[in-house]
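Worksheet: the structure to be examined is printed underneath.
The values are calculated or read from the model by the stated rules, or taken from the named source; none is laboratory data. Because the structure is a prediction, the values reported are computed rather than measured. Glycine also receives a Cβ, built like all others from the backbone with ideal geometry; neighbour counts cover every protein chain displayed.
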Amino acid sequence: MPSSSNKLIAGVIAERAHGERRVAMIPSDVKRLESKVTFLVEHGAGHPAGFTDEAYALAGATLTSREALLAQAGVIVAVRFPEDVDSWRENGVLISLASRDPALEATLAKRRVTHLGLERLPRIARAQSMDVLSSQAAIAGYAAVLEGARSLDVVFPMLTTAAGSIKPARMIALGAGVAGLQAIATARRLGAVTHGFDIREAAREQVESVGAKFVHPRTQLASADGSGGYAAEQTADEQERLRRALAPELASMQLIITTAQVPGRRAPLLIDKVTLSALTPGTVIVDLAAESGGNCEATRPDEIVEVAGVRIHGPTNLPSTVATDASRLFSGNLRSLLEHLLGADGQLRLTTDDPITGPLLGNQALPQTAPIPPPIPA
């Protein structure tokens, strides 16, 4: 166990991005890392997610201002990329999302801040407990169904009353990744008749395991299985054939959750204007790919657009609508990552040949020396 003088000093900052209510580290995980890490927490950082300053203090953290935290912490953990990174001390480490934005990465490079971009975490067995994208996608899939249900003009379950019977709603998830499968499971619990689509035939078993019918139109496309559990990118012609094959299936649905994405690229277009025009008025689409261009042609980020009676939602941060549990999962992922990164001397081990650390670093050069934080004034 490292001595108190050698313990890593990590800072938990308050999120300042519009609408962001999550916090990167919660009190229970601060407590679990107390023997290895000294945590500084910005005043009010956990309040939007339901975690009080008192809870952090009881867990062993020191509450402080943002300025004092940034001056002392060798490592900063955050959900989103902080807006004030220009004022940070040099040779620090940031662990957060936003590694796919070259402009932000360039800003960090100017300050000589090493960024462990959580989107770059490899999809390997050893890293499953650190996989922020998967944990937050599960929350997003759940929240997408609730958002869609609030917007629908029909109820999910079948109802039989003295006034007559109501058929259950029909729902489909386009993309059978973590978010899509969670959306299917949530909609089924609420009583909907559920369907799932994916261009990967290998996803059939997963869709059926959560009680949905697998939709796989015959399009004679090439194998769509990509690397890392993602679908491979398709050509424009393949996407067009897929849209035409999917259109009849979508016309019978009342709630459509779209989740299809290709890392580092624009989201594939699954619902164009032709398909939209064939949907029944009152249909609701919740497009979870809105931030990367959208799976629906009419999607607008963080807006609700109506086209011929079809309502298209483009939320970009659904996990924040369930901030307490989303933060619990995010924090658990970060705790697992920090446990992997910490060496016996109480400092971070950043090596490009590590199967987890290497991808997190991306193309960044390692800092000349490991960040050694100054002592906290008494």
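A few remarks follow.
- For the range 11-51, filtering for residues that are touching a Pro at 6+ places or on another chain (Cβ under 7 Å) and farther than 23 Å from ASP84 by Cβ leaves 1.
- VAL274 passes every criterion in (1) part of a loop (DSSP other than H, G, I, E, B); (2) in contact with a Lys or Arg (Cβ under 9 Å, 6 or more places away or on another chain) apart from (1).
- Exactly one residue out of GLU42, GLU20 is in contact (Cβ under 8 Å) with a residue 12 or more places away in the chain, assigned by TED's automatic domain parsing to the domain that holds GLY346, under 25 Å from GLN136 (Cβ atoms) and in contact with a strand residue (DSSP E or B) (Cβ under 7 Å, 6 or more places away or on another chain): that is GLU42.
- Being buried (at least 17 other Cβ atoms within 10 Å of the Cβ) and either modelled with pLDDT of 95 or more or in a loop (DSSP other than H, G, I, E, B) (or both) holds for only one residue in PRO319, PRO359, PRO377, and it is PRO319.
- Given (1) touching a Ser or Thr at 6+ places or on another chain (Cβ under 7 Å); (2) buried (at least 20 other Cβ atoms within 10 Å of the Cβ); (3) more than 22 Å from VAL113 (Cβ to Cβ), index of the condition GLY50 fails: (2)
- Flag for ARG32 being closer than 22 Å to ALA140 by Cβ and not β-branched (Val, Ile, Thr): no
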